[in-house]
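To start, the structure under review is shown below, and the notes come after it.
The values are calculated or read from the model by the stated rules, or taken from the named source; none is laboratory data. Since we're looking at a predicted model, the values are computed, not measured. A quick note on method: Cβ atoms are made from the backbone with ideal geometry, for glycine too, and the neighbour counts reach across all protein chains shown. Accessible surface is based on the protein model in full, side chains and every heavy atom, while ligands, DNA and RNA are left aside. Shrake-Rupley method; radii C 1.70, N 1.55, O 1.52, S 1.80 Å.
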Amino acid sequence: MVAVKALVVPSFAKLNLGLEVLGTRDDGYHELRTLFQTIELHDDLRIQPTRAGIEVACSHPDVPCDASNLAHRAAAELRSRARRKSGVRIEIEKRIPVAGGLGGGSSNAAAVLVALDRLWGLGLGRSGLHPIARRLGADVPYFLTGGTALGIARGDEIYPLHEQIRAHAVLVDPGRPLKTAAVFARVDAELTPRGNSLTISRFVSSDLSEAFRFGILKNELENAALGEAPDLAESTRRMRVILRNEGAVLAQMSGSGSAFFGLFLDRDQAAAAQKTLQAAGFRALLTKTLPLERFRARTERALRGIR
Ligand code: C5P
């Protein structure tokens with residue numbers, strides 16, 4: 001018999017609060033050290049078991065619904081791993097900007113793995129799902145954990161941090177999708193032998209003042225992203241100036257871009273920054289960080305069918 005129960009699960013976006021590219025790897029990927037942070041902004045995934053087949057529907061016209069969709073691939077991988085014949089229909093209500101460095105596709109894939117693990121009663125849990133997540137993409141394993149976490153290796157070895165960052169974020173989506181692989185390919189031209197700069201390690205381990213701590217973080221993909229999209233250089237410069245003037249402790253691109261964010265310790269300052277950016281013609285939205293315990297609670301409620 002086919003269960004008819006459907007689950008609606010949130011699929012959160014992430015920011016890279018810091019991202020260091022340490023070098024190239026034999027597998028063609030790059031060795032990273034990154035500070036991941038989930039935010040409240042999320043897609044909703046309605047996941048409905050069916051008799052057979054994998055179907056994906058998405059509210060956003062630019063998202064492919066075929067087997068190239070990462071949520072589709074996640075369901076297919078899990079189904080073959082579990083040797084199941086059953087099917088699933090996945091409806092994605094998209095709010096996370098597409099190809100913006102916010103991990104939307106990877107987050108969708110992880111949410112599908114977690115939901116199907118529960119719906120199909122596989123009992124794999126986070127550790128059992130991790131190897132499947134890694135095969136789907138470097139960012140997917142992080143979304144099995146969420147919150148403030150350190151990512152090393154390809155960004156797929158995840159260490160949740162004891163200190164969970166609570167802050168407000170103003171996010172600007174320039175509506176300019178960037179291809180991660182193209183941005184990383186450009187990084188190679190910039191890679192130079194380097195000492196161990198340890199900025200993320202300093203951030204995590206030191207008792208520097210709040211504002212100063214965030215000031216040492218950097219996204220080392222940002223230059224390459226702007227090389228890929230030189231048309232964004234001027235607007236990025238303007239956004240950074242506005243966010244800094246409004247009191248952001250950190251203002252930079254997320255991941256391989258092109259979404260740009262400012263991080264604020266004070267909500268009123270964040271709201272003022274959003275207004276100023278909107279007045280300057282930017283599409284800015286206000287959100288906040290989602291610490292690990294909130295990420296887990298929101299996911300668990302959804303898995304229990306509580307809305
Ligand atoms: O793993 P995923 O498919 O998300 O990565 C997209 C592309 O980004 C990879 O094909 C690779 O070119 C690049 N990448 C990288 N090093 C990483 C993560 C991604 O070079 N650590």
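For the range 233-307, what is the largest minus smallest coordinate of the Cα atoms on each principal axis, given in angstrom and ordered from greatest to least?
46, 28, 21
Can you work out the Karplus-derived ³J(HN,Hα) for every residue in the range 65-80? Use 6.51 cos²θ - 1.76 cosθ + 1.60 with θ = phi - 60°, whole Hz, and x for glycine or proline.
In residue order, the calculated couplings are 9, 7, 5, 7, 5, 5, 5, 4, 4, 4, 5, 5, 4, 5, 5, 6 Hz.
Could you tell me which of the pairs Lys179/Lys218; Lys5/Lys179; Lys14/Lys179; Lys5/Lys94 are separated by over 25 angstrom between their Cα atoms in the structure shown?
Pairs exceeding the cut-off: Lys5/Lys179.
Regarding the chain, what is the average projected area of its C-alpha convex hull, in nm²?
It is 15.8 nm².
How many percent of the accessible area of the chain is carbon or sulfur, using a 1.4 Å probe?
After summing per-atom areas, the C and S share lands at 51 percent.
Please give the helix 267-279 orientation as an angle from the longest Cα principal axis of the chain, in degrees from 0 to 90, rounded to the nearest 10.
80 degrees
Can you give the FRET efficiency for Asp44 and Ala211, using 1/(1 + (r/R0)^6), R0 = 30 Å, r = Cβ-Cβ distance, to the nearest 0.05?
0.30
If contacts are Cα pairs under 8 angstrom and at least 6 residues apart, what is the relative contact order of the range 35-149 in percent?
34 percent
Work out, step by step, the length gained on full extension between Lys275 and Ala57: first 0.36 nm times the residue separation, then minus their alpha carbon distance; give nm to one decimal.
Result: 75.1 nm gained on full extension.
Rg and Dmax of the range 168-288 over Cα atoms: what are they, in angstrom?
Every Cα atom of the range 168-288 included, Rg and Dmax give 15.0, 43 Å.
If packing is taken as the average number of other Cβ atoms within 10 Å across a peptide's residues, how do 267-274, 174-181 rank, most packed first? Provide the component values of the computation, followed by the final result.
Working: 267-274: 18.1, 174-181: 15.6.
Ranked by mean Cβ neighbours within 10 Å, highest first: 267-274, 174-181.
Angle, helix 125-136 long axis vs. longest principal axis of the chain, Cα atoms, 0 to 90°, nearest 10?
70 degrees
Would you pull out the residues with amide H under 5 Å of Arg95's amide H, same chain only if 5 or more places away, H placed 1.01 Å from N?
Counting only residues 5 or more places away or on other chains, the set is Asp43, Asp44.
Between Ser201 and Glu157, what's the calculated FRET efficiency when r is the beta-carbon distance and R0 is 25 Å? Round to 0.05.
FRET efficiency, Ser201 to Glu157: 0.95.
What does the helix-only formula give at 222 nm for the chain: each DSSP H stretch with n ≥ 4 adding -39500 (n - 2.57), the total divided by the residues, and the result rounded to the nearest 500 deg cm²/dmol?
Result for the chain, helices only: -11000 deg cm²/dmol.
Between 0 and 90 degrees, rounded to the nearest ten: what's the tilt of helix 104-119 against the longest Cα principal axis of the chain?
Long axis of 104-119 versus the principal axis of the chain: about 30 degrees.
How big is Rg to Rh over the range 76-226, alpha-carbon atoms, Rh as the Kirkwood inverse-mean-distance radius?
1.00
What Rg and what Dmax come out for the range 133-210 when only alpha-carbon atoms are used, in angstroms?
Cα-based Rg and Dmax for the range 133-210 come out at 15.4, 39 Å.
How do the peptides 105-112, 158-165, 36-43 rank, highest first, by the average count of neighbouring beta carbon atoms within 10 Å per residue?
Ranking, from highest mean packing down: 105-112, 36-43, 158-165.
All other residues with a Cβ under 9 Å from the Cβ of Asn223 taken together, and with Lys, Arg as +1 and Asp, Glu as -1, what is their net charge?
-2
Considering all alpha-carbon pairs of the range 1-124, what whole percent are spaced by more than 16 angstrom?
63 percent
Check Asn16: other-chain or 5+ apart residues with amide H under 5 Å from its amide H, H built from backbone geometry?
Close amide H contacts, sequence-distant or interchain: Gly255.
Rank-order 115-123, 143-151 by packing density, defined as the average count of other C-beta atoms within 10 Å over each peptide's residues, highest first.
143-151, 115-123
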